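The values are calculated or read from the model by the stated rules, or taken from the named source; none is laboratory data. The structure displayed is predicted, hence computed values, not measured ones. Cβ coordinates were reconstructed from backbone atoms using ideal geometry, including for glycine residues, and neighbour counts include every protein chain displayed. The area values use the complete protein model at the heavy-atom level, side chains included, leaving out ligands, DNA and RNA. Shrake-Rupley method; radii C 1.70, N 1.55, O 1.52, S 1.80 Å.
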Amino acid sequence: MTLEEQIKQIKTVNKQAMKESKLRWDSIAKPLNSLGKLEKAVIKIAGITNSHQVVLDKKALIIMCADNGIVEEGVTQTGQEVTAIVAENFLKKKASVSIMSDYTHTDIFPIDIGVAKDTNIINKKIAYGTKNFAKEPAMTYEEAKRAIQTGIDMVGELKEKGYHIIATGEMGIGNTTTSSAIAALLLGKSVEEVTGKGAGLSNEGLNRKIQVIQDALLLHKPDKENMIDVLSKIGGFDIAGLAGVFLGGAMYHIPVVIDGFISAVSALVAARMNALAIEYMLPSHASKEPAAWYVLQALGLEPFITCDMCLGEGTGAVAVFSILDMATAVYNSMSTFEQIEVAAYQPLS
């Protein structure tokens, strides 16, 4: 089956399971809808997983790691060598998200989908980094498809291993440049509106980053109706891989949590390939990057937390796991009005 055929097979979530989940929430001995977004999240997960019995015991974090040739243009504060160093630290509990994952009992799966050197993490390498899209397309059309397929297949593997929910993360020096380029194109906004300082550019560096993106969009003229064309011209392997993870979540009925800006742009790419994929996505936080809110609004999603985070790696997505754990604990364990012999709350107009 081709990639395109797989994507067309995505179906809407199970509305009956969502209805049953809502009835469960309304039977619990508390004011109706009083846990707000937490209730909605559990109901959504019921629809995704085809069951009102919501379990999130086995959690995974997929971190797509890749380098970006655009760093040659001086759009970052650090060099490509940092990508491999940080990527290999994920399994050594030396990265922020490693500590957070340990705390939330989340298993980490760092994927080398395009790091510029060989690494000791999971090898799904498409190429040794993308090309410099200031001068040529970032990757070939076929490489973009392979990267998307890699993300889809990774979700399938985790489904077989019994995972209930997946967080998304990324690591790749230069990937706020690729994400800003895609966001400007897909959102129809100016490059200035959607581009931030990333991991710490000066004002001069930010201006250079904006100019590089503007010039690349004029050079390549990516077709915003064709996501593979967009990814191949101005994207990154990490973004393409994560887009595949979001599509895979929809194919395999596993909820996938969006992390920050780069992850959200990947989710937007997936949504433009099949809008039903949004039904399988959960937001986490609003990144400090300028376009983060714009992208979430385009997806019709509201963040659970606003902490001015901009680290990436999956830190925001993993942070939300604790909130979801508390929500499911109440949902599964709290007494009902009937059990405590108290009259239930009734909906009021």
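Calculated mean residue ellipticity at 222 nm for the chain: -15000 deg cm²/dmol, from DSSP H runs with n ≥ 4 weighted as -39500 (n - 2.57), summed, divided by the residue count and rounded to 500. Largest first, the residues 117, 159 sort by 1.4 Å accessible area into 117, 159. Given the whole protein assembly as supplied and a 1.4 Å probe, what does the accessible area of residue 253 come to in Å², nearest 10? Spelled out: residue 253, probe radius 1.4 Å, area about 50 Å².
Shown for the range 280-349: the carbon plus sulfur share of the solvent-accessible area, taken with all protein chains present and a 1.4 angstrom probe, equals 54%. How much of the accessible area of the range 141-205, probe 1.4 Å, is carbon plus sulfur, in whole percent? Roughly 46 percent, rounded to a whole number. 3J(HN,Hα) couplings calculated from phi for the range 250-267 with the Karplus curve 6.51 cos²θ - 1.76 cosθ + 1.60 (θ = phi - 60°) are, in sequence order, 5, 6, 9, 6, 10, x, 10, 8, 6, 8, x, 4, 5, 4, 5, 4, 4, 5 Hz; Gly and Pro show x.
A simple charge model with +1 on the Cβ of Lys and Arg, -1 on the Cβ of Asp and Glu and nothing else charged puts the dipole of the chain at about 420 debye relative to its Cα centre.
For the chain, DSSP calls about 5 percent of its internal beta bridges antiparallel.
The largest accessible area among 25, 293 belongs to the first residue in 293, 25, and the rest follow in falling order (1.4 Å probe, all chains).
The solvent-accessible area of residue 102, taken with every protein chain present and a 1.4 Å probe, is close to 80 Å². Longer than 24 Å from Cα to Cα, which of 40/94; 145/288; 161/224; 125/221; 58/94; 11/124 are they? Say none if no pair is. Violating the 24 Å Cα-Cα cut-off are 40/94; 145/288; 161/224; 125/221; 11/124. For residue 208, the accessible surface of its heavy atoms amounts to roughly 90 Å² (probe 1.4 Å, protein chains only, rounded to the nearest 10). Near residue 335, once Lys and Arg are set to +1 and Asp and Glu to -1 for all other residues with Cβ below 15 Å from its Cβ, the sum equals -1.
Computed with a 1.4 Å probe over protein heavy atoms only, the accessible surface of the chain comes to 42 Å² per residue.
Compared with the dominant principal axis of the Cα atoms in the chain, helix 15-27 is inclined by about 50°. Listed by chain and number, the aspartates and glutamates whose alpha-carbon sits under 18 Å from that of residue 131, ignoring those within fewer than 8 places in the same chain, are 67, 72, 73, 81, 112, 118, 142, 143, 215, 229, 238.
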